Amino acid sequence: MEQTVAKSAHQKLPIGKLLKRILFILIGASLVSVALEIFLVPNNIIDGGIVGVSIIASHLTGMKLGIFLFLLNLPFLLIGYKQIGKTFAISTLFGVTIMSIGTSLLHPVPGLTGDPLLAAVFGGIILGIGVGLVLRYGGSLDGTEIIAVLFNKKSPFSVGEIVMFINLFILSSAGFVFGWDRAMYSLIAYYIAFKMIDLTIEGFQESKSVWIISDNHKELGDAIVARLGRGVTYLKGEGGYTGDDKKVIFCIITRLEEAKLKLIVEEVDPTSFLAVGNIHDVRGGQFKKNAIH
């Protein structure tokens, strides 16, 4: 008997979401161009990844930074197309193109400051926001992560560890090219950019997941709904040692509400089990804020 396998067709993004993605990748890549040509490059401060390699290559050859940013990322665009998909590759190509054109247009503009510390701080902030926007809307501006994914399949190291090793090697190279003081400023810029990327992707209102196991689950759940203004979900659980049926309370809160939630739990059932974890994104459901008291 002949079997047919139905393949799900690739769904196109609605025009509104597509335009939003294009706009924010454009803004993000433009911000990266500003960070590089107005703050970092004039002060011989580099970033990690392909951007860092491009800055060093541009300095050594005298060629425009934008040329290296585009050419060195091309091989990883092809790899990204095969490993991650067409949408990612097109979004990345658009972002890299805007970044390359932006750095070329801004190259004649003098740096905003000659103070390397100010350049590292503000350059890192703007760079991190720009890269974070591009990542948040489905693109990338650097092939380092793609390299890490490939090496991760054949090595005992995680993707994050591989990216760290690559970037430490690149940032250390800045010491031989620009001097060790500039390498240290580069580390400052890299750290600030890294933190700003996380902040941009996750947003300022970081959410937290809460799991509570309590014999007074109904009373505790009602108290959270009434006093914190958050909805709760009751999950069925079983004690691993006793085998008794348990009710698990699950809810999502913001980090500003964590202290009040712990106070509520302490008042209603101080013997309950409470676990709180960070989460990066919340969508759908009934994650709405009601009035609290």
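The values are calculated or read from the model by the stated rules, or taken from the named source; none is laboratory data. Keep in mind that this is a model prediction, so the values were computed, not measured. FYI the Cβ positions are ideal-geometry reconstructions off the backbone, even for glycines, and counts take in every protein chain you see. Only protein heavy atoms, including side chains, enter the accessible area calculation; ligands, DNA and RNA are left aside. Shrake-Rupley method; radii C 1.70, N 1.55, O 1.52, S 1.80 Å.
Testing Leu187 on (1) free of Cβ contacts under 8 Å to residues at least 24 places away in the same chain; (2) surrounded by 13 or more Cβ atoms within 10 Å (Cβ to Cβ); (3) over 30 Å from Tyr137 (Cα atoms); (4) in the same structural domain as Glu37 (by the TED database), one condition comes back false. Which one is that?
(3)
Results for (1) modelled with pLDDT of 90 or more; (2) assigned to a strand (DSSP E or B), shown as yes or no for each residue.
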residue	(1), (2)
Arg182	yes, no
Ala193	yes, no
Glu219	yes, no
Lys236	no, yes
Thr242	no, no
Ala259	no, no
Leu274	yes, yes
Asn290	no, no
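I need the full set of residues from the stretch 96-143 which are in a helix (DSSP H, G or I) and among the charged types (D, E, K, R), in order please. Quick ask: steps written out before the conclusion?
Of the residues in the stretch 96-143, the ones in a helix (DSSP H, G or I) are 96-106, 116-136.
Once the filter is applied, which keeps residues that are in a helix (DSSP H, G or I) and among the charged types (D, E, K, R), the stretch 96-143 yields only Arg136.
Suppose we filter Ile126, Ile67, Ile50, Ile98 for residues that are over 20 Å from Asn167 (Cβ atoms), in contact (Cβ under 8 Å) with a residue 60 or more places away in the chain and open to solvent by 10 Å² or more (accessible area, probe 1.4 Å); which single one remains? Walk me through how you get there before you give the answer.
Working: Ile126 fails: over 20 Å from Asn167 (Cβ atoms); Ile67 fails: in contact (Cβ under 8 Å) with a residue 60 or more places away in the chain; Ile50 fails: over 20 Å from Asn167 (Cβ atoms).
After ruling out the rest, the residue left standing is Ile98.
Can you tell me which residue is surrounded by the most Cβ atoms within 10 Å (Cβ to Cβ) among those in the stretch 200-241 that are within 22 Å of Asn278 (Cα to Cα) and of a type in the set (Asp, Glu)?
This residue is Glu202.
Evaluate the following for Leu118: is it out of contact with any Leu (no Cβ under 6 Å at 6 or more places or on another chain), open to solvent by 20 Å² or more (accessible area, probe 1.4 Å), within 23 Å of Ile25 (Cβ to Cβ) and in the same structural domain as Gly143 (by the TED database)? Before the answer, list the steps.
On the way: out of contact with any Leu (no Cβ under 6 Å at 6 or more places or on another chain): yes; open to solvent by 20 Å² or more (accessible area, probe 1.4 Å): yes; within 23 Å of Ile25 (Cβ to Cβ): no; in the same structural domain as Gly143 (by the TED database): yes.
Taking the combined requirement at face value, the residue does not satisfy it.
Quick one: what pairs do we get from the stretch 17-30, first residue at positive phi, second surrounded by fewer than 16 Cβ atoms within 10 Å (Cβ to Cβ) and at pLDDT below 90, C-beta under 9 Å, 6+ apart or different chains?
none
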